[in-house]
Amino acid sequence: MHRPRSHVLCSTINTVPDQSISWSTVIRYLAVFITPSNKFKCVLDHAKRSFYTAANNIMGKIGRIASEEVTLH
């Protein structure tokens, strides 16, 4: 019988000069945040926020000079 291991606590990793590396609950890979789960799960909130921030900055600089179709193209 297979038991899920996504919520099992792992021990810390000790390095040579007596420093430890602690485990994280979220990892970032290529601007996508991967979270622990029984199935593959990623969080896109940061990517969405970055997209809307960039789009709002562009629209704020251009204003109403160009149409939305030209601006988004």
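The values are calculated or read from the model by the stated rules, or taken from the named source; none is laboratory data. Computed from a predicted structure; not experimentally measured. With ideal geometry, Cβ positions are generated from the backbone for all residues, glycine too; neighbour counts draw on all protein chains shown.
Tabulated results
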item: Which numbered condition Ile65 fails, given (1) among the β-branched types (Val, Ile, Thr); (2) in contact with a strand residue (DSSP E or B) (Cβ under 7 Å, 6 or more places away or on another chain); (3) exposed (fewer than 10 other Cβ atoms within 10 Å of the Cβ); result: (2)
item: Cβ pairs under 9 Å, 6+ apart, first in segment 16-42 and modelled with pLDDT of 80 or more and of a type in the set (D, E, K, R), second in a loop (DSSP other than H, G, I, E, B) and surrounded by 11 or more Cβ atoms within 10 Å (Cβ to Cβ); result: Lys41/Thr35
item: Residue in segment 29-37 that is of a type outside the set (A, V, I, L, M, F, W, C) and assigned to a helix (DSSP H, G or I) present; result: no
